[in-house]
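This report concerns only the one structure given below.
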Amino acid sequence: MSTDKTTSKTEFTRRNALKLLGLGTAGVLAEDVLHGTEVASPSSPQATEVVVVGAGFSGLAAARNLVRQGRKVIVLEARDRVGGRVKPGKLAGHTIDLGGMWVGPSQTRLLELLQEYGVKTTPQFLAGKDIMEITGRRVTAEGEDFGFAPGDQPDYDRLLEKLNALVAVIPVEAPWTAANAEELDDMTVDEWLRANTQNKAVLSLMNMEIRATFTAETYQISLLYFLFYLRSGNNFDKIMSFKNGAQAFHVPGSMHQLAPKMAAELGKALVMQAPVHEISQDAKGVIVVSEKGTWHANRAIVAIPIPLAARIAYRPELPPERDILSEHMPMGSVIKYWVAYEKPFWRDRGMNGLVLSDEPPTSGFADCSPPEGKPGFLVGFFEASRAIRFTGRPMEERKKVIVQRVVDFFGPEAANPIDYIDCDWPSDPWSRGCYGPSMGPGVLTSLGKNLRTSFGRIHWAGTETSPVWTGYIEGAIRSGERAAAEVMDNLK
Ligand SMILES: Cc1cc2nc3c(=O)[nH]c(=O)nc-3n(C[C@H](O)[C@H](O)[C@H](O)COP(=O)(O)OP(=O)(O)OC[C@H]3O[C@@H](n4cnc5c(N)ncnc54)[C@H](O)[C@@H]3O)c2cc1C
């Protein structure tokens, strides 16, 4: 496989730098590590079979499966609500999603759960013309016209063809075994893009699309990690697209409503406002210490974002491969906003409300008005460096720049919204950013195999551990179900 970039095999690549830290060879974390160790337990821990840390979709999926198989489970959740990175909010009297929201046709486990719990989806509204603004050129058109000047589209198509060829051969369960894995992991996405096109409009569009998807800049993401992520969601088109892609449907009344429905099956097994600070294990079991009490169990499933999992104290200490993996997976940054108008007035002009732009502060917004057609809702994001600039600032400041942006595209009628809300995810202590973490160069080949390798009695869930739709709700559900199956195998 060729990357069309000649990477000289220097002795000191970024990957080798990680190797020098002693991380190049992941050890198997066998339960043997626990033999002979004994941990002093705090006074009278409560007994259960499995403790699940975190009640996001991964923790809920894991706990639900275990409870359905007759296991005694306790779920410890830090927040006062379930759903994690899927969170409800109120806009003009309607419940909307401030976190994860869209679902696509190949996200089959999520679609099955929505059906099982009677939660209806609706297609993303796309009837009419959208606006694409690339390098100062604004085009209003139906379908996938990117506002390219004549001649740029073939360059874009050629680049995507090359990219999709690289994506197609990534072994999604073990991307570190890809042909040329080290070469691919030694460079950033930015380096690959610039080595493969000099077309400014194409580069700017790619940067915008990737920033919007990864909530990180292309110079921060390893090419191999990028290819793996795209493969895990099929390919570039499926990840980026609304029609038939990851943004095909949303849920009127919120995707979040699925989380309390799943949690209802857990009853008293769910303990809220119970941040976990410490997990100890020995040959007899695992002890999980939270602000709401201490539990002794046979197994624990840690179902929280990898960087946050590193904030828990472990005894014995985590193996260095796992610990340093978490230090090399920084969370992305995103602030999600919603603006409400009396009605979706843009529709009267034949517009579908979809705007994509490479200009700061937002890569654009989409029309997610309720199916009744009133009020009119636009939803969008500040991402990556643009979110970092606005995190921790008063919401009014962000509202001002976003409303101005809508006015830029839709005219003075947009100046007086009836409501605005946003969610500053980097300021949230139980996510510390979103949508999720990415890997920089050298990390996936050196440390990737530790993503879901259990450590003694501790099993890892969370969307980042899923080879399928990693980073999405679908990945979270699959990871929880995989961790529950691992635990069941060990409880036999
Ligand atoms: C703005 C935004 C938009 C998104 N859009 C989409 C989308 O449209 N479609 C899609 O599929 N995905 C989307 N995502 C991603 C999706 O929401 C996540 O991939 C998914 O929800 C992750 O679930 P999880 O269970 O892996 O982790 P989380 O949801 O992060 O769950 C972890 C839980 O653990 C808890 N926790 C953390 N630390 C501790 C501790 N020490 N002790 C106890 N509990 C703890 C947290 O409070 C949280 O409830 C979006 C995310 C965001 C933020």
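The values are calculated or read from the model by the stated rules, or taken from the named source; none is laboratory data. These numbers come from a predicted model, not from an experiment. Here the Cβ positions follow ideal geometry from the backbone for every residue, glycine too, while neighbour counts run over all protein chains shown.
A few remarks follow.
- Counting only helices (runs of 4 or more DSSP H) that sit wholly inside the stretch 246-358, those with at least 2 residues that are surrounded by fewer than 21 Cβ atoms within 10 Å (Cβ to Cβ) and free of Cβ contacts under 8 Å to residues at least 40 places away in the same chain are 320-327.
- Pairs are defined by a Cβ separation below 9 Å, a sequence spacing of at least 6 or placement on different chains, a first member in the stretch 185-200 that is in the same structural domain as GLU359 (by TED's automatic domain parsing), and a second member that is crowded, with 19+ Cβ neighbours inside 10 Å; no pair meets this definition.
- Residues satisfying the criterion are absent from the stretch 50-68 (criterion: within 16 Å of the ligand (Cβ to nearest atom) and surrounded by fewer than 17 Cβ atoms within 10 Å (Cβ to Cβ)).
- In this structure, PRO154 does not qualify as under 16 Å from VAL251 (Cβ atoms) and surrounded by fewer than 17 Cβ atoms within 10 Å (Cβ to Cβ).
- The single condition among (1) within 26 Å of VAL379 (Cα to Cα); (2) touching a helix residue (DSSP H, G or I) at 6+ places or on another chain (Cβ under 8 Å); (3) among the polar types (S, T, N, Q) that SER204 does not meet is (2).
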